[in-house]
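Participant: Dropping a structure here in structure tokens format, bear with me for questions.
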Amino acid sequence: MNTEKRNRFKLLDLPSLLVATSKSWFNSEPFERSAVVAYYSILSLPALIVIIINVVGSIWGKELVQGELLAQIAKALGSETAESIRLMIVDRGETTTSIVATSIGIGTLIYGSTGVFFQVQNALDKIWDAQPRFKNGLVETIFSRLKSFGFILIIGFLLLISFVLTSALSAFSENLKQYISPSLVEYAFVLDIFVSLLMIYVLFAAMFKILPNASIPWKAVRIGAALTSLLFVGGKYLLALYFSELQPGSTYGAAGAIILVMLWVSYSSLILFFGAHFTKIYSEKYLKKQPEQVIA
């Protein structure tokens with residue numbers, strides 16, 4: 001019989017948890033790790049967007065999906081950056097090539113798109129002190145790339161759900177205008193924000209649970225993903241305000257779009273790593289569990 005007394009989380013414990021998380025986060029060289037992820041994001045971004053547009057667009061319509069993605073990028077990083085990203089992905093796949101060339105192109109696309117999540121996985125493994133799943137380095141790399149590609153498909157699925165729910169809310173709001181005051185219908189945007197926050201929460205939870213080579217308790221994942229989502233959404237609006245008001249990309253001229261993307265990804269990575277440290281500390285303190293190694 002296990003007589004070990006387990007601590008229960010109290011809201012008053014949050015400040016001490018955040019202090020412990022901050023110390024652990026700062027000692028893990030988060031800025032260096034986020035810089036690596038930001039660098040690989042530039043290499044992965046075109047392929048990543050192309051795959052998402054094709055996966056979600058096969059159901060929702062490629063032009064519509066591309067427009068929605070670029071609109072969201074424009075809100076966060078500005079219209080110039082969105083236009084630069086659009087130019088990266090236009091006119092792909094319209095030329096006739098051989099089967100071999102097409103196969104190589106698809107392989108390169110998949111390999112390139114998984115680079116950023118492969119680096120995120122490595123960073124999360126270091127945070128949780130996780131060991132490689134396979135002893136063979138080549139097999140481990142292939143498995144990690146496949147897992148990263150699977151995560152891209154999860155993103156595509158979440159985007160599809162987000163598009164469907166947003167469209168449903170929009171149609172619902174239009175119908176409500178016939179029965180209630182238009183001023184009340186405007187509050188429907190609160191539901192839209194809730195849907196976006198929910199998708200972000202699921203995304204972070206999936207990252208914490210799927211990417212590392214360790215078995216993380218679900219309760220810790222839920223708590224950590226919730227905190228990470230709130231920090232991310234709050235910081236997203238502040239960062240968008242910073243980009244729109246100060247326009248830091250204009251200092252770098254033609255390279256401004258790349259700099260803004262790297263700044264955005266670097267910030268997102270810092271928040272992700274902070275949430276990962278919080279999840280680990282929460283698990284150790286309240287669940288009395290160290291992440292279990294997953295080794296094949």
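The values are calculated or read from the model by the stated rules, or taken from the named source; none is laboratory data. Here the structure is a predicted model, which is why all the values come from computation and not from measurement. Glycine gets a Cβ as well: all are built from the backbone with ideal geometry, and neighbour counts include every protein chain shown.
Participant: Inspect the range 282-294 for any residue being farther than 23 Å from Ala35 by Cβ, in a helix (DSSP H, G or I) and at pLDDT below 85 and give the result as yes or no.
Facilitator: No, that holds for no residue.
Participant: Right, something else. Please work out if Asp125 is under 22 Å from Tyr40 (Cα atoms) and at pLDDT 80 or above.
Facilitator: Yes, satisfied.
Participant: Still on this model: Sort out which residues of the range 225-234 are over 13 Å from Leu203 (Cβ atoms) and not hydrophobic (A, V, I, L, M, F, W, C), and write them in order of number.
Facilitator: Scanning the range 225-234 gives a single hit, Gly234.
Participant: Read through the list (1) more than 28 Å from Lys126 (Cα to Cα); (2) at pLDDT 80 or above; (3) within 16 Å of the chain's Cα centre (by Cα); (4) of a type in the set (A, V, I, L, M), then give the number of the only condition that Val37 fails.
Facilitator: Here Val37 clears every test but (1).
Participant: Sticking with this one: Given the criterion at pLDDT below 75, charged (D, E, K, R) and either surrounded by 12 or more Cβ atoms within 10 Å (Cβ to Cβ) or part of a loop (DSSP other than H, G, I, E, B) (or both), identify the matching residue among Arg86, Arg92.
Facilitator: Of the residues listed, the single one that is at pLDDT below 75, charged (D, E, K, R) and either surrounded by 12 or more Cβ atoms within 10 Å (Cβ to Cβ) or part of a loop (DSSP other than H, G, I, E, B) (or both) is Arg92.
Participant: Turning to a different aspect of this structure: Working carefully through the options Phe118, Phe163, Phe143, find the one that is part of a helix (DSSP H, G or I), touching a Phe, Trp or Tyr at 6+ places or on another chain (Cβ under 8 Å) and modelled with pLDDT under 70.
Facilitator: Values: Phe118 fails: modelled with pLDDT under 70; Phe143 fails: modelled with pLDDT under 70.
Unique residue meeting the criteria: Phe163.
Participant: Sticking with this structure for a sec: Would you say Ser148 is within 17 Å of the chain's Cα centre (by Cα), buried (at least 19 other Cβ atoms within 10 Å of the Cβ) and modelled with pLDDT under 80?
Facilitator: It is false that Ser148 is within 17 Å of the chain's Cα centre (by Cα), buried (at least 19 other Cβ atoms within 10 Å of the Cβ) and modelled with pLDDT under 80.
Participant: Looking for something among the aliphatic types (A, V, I, L, M), touching a helix residue (DSSP H, G or I) at 6+ places or on another chain (Cβ under 6 Å), farther than 26 Å from Ile271 by Cα and touching a residue at least 12 places away in the same chain (Cβ under 8 Å) - is there at least one such residue anywhere in the range 62-72?
Facilitator: Checking the range 62-72: at least one residue is among the aliphatic types (A, V, I, L, M), touching a helix residue (DSSP H, G or I) at 6+ places or on another chain (Cβ under 6 Å), farther than 26 Å from Ile271 by Cα and touching a residue at least 12 places away in the same chain (Cβ under 8 Å).
Participant: What are the pairs with Cβ atoms under 7 angstrom where one residue, in the range 202-217, is over 12 Å from Ile152 (Cα atoms) and the other, located anywhere, is among the polar types (S, T, N, Q) and surrounded by fewer than 19 Cβ atoms within 10 Å (Cβ to Cβ)? Sequence gap at least six, or different chains.
Facilitator: Asn213/Gln131; Ala214/Gln293
Participant: When you check Leu153 against the structure, is it modelled with pLDDT of 80 or more, surrounded by fewer than 18 Cβ atoms within 10 Å (Cβ to Cβ) and of a type outside the set (Phe, Trp, Tyr), yes or no?
Facilitator: no
Quick grid of which residues meet (1) of a type in the set (S, T, N, Q); (2) at pLDDT below 85:
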site	(1), (2)
Leu18	no, no
Thr21	yes, no
Ser28	yes, no
Pro46	no, yes
Trp60	no, yes
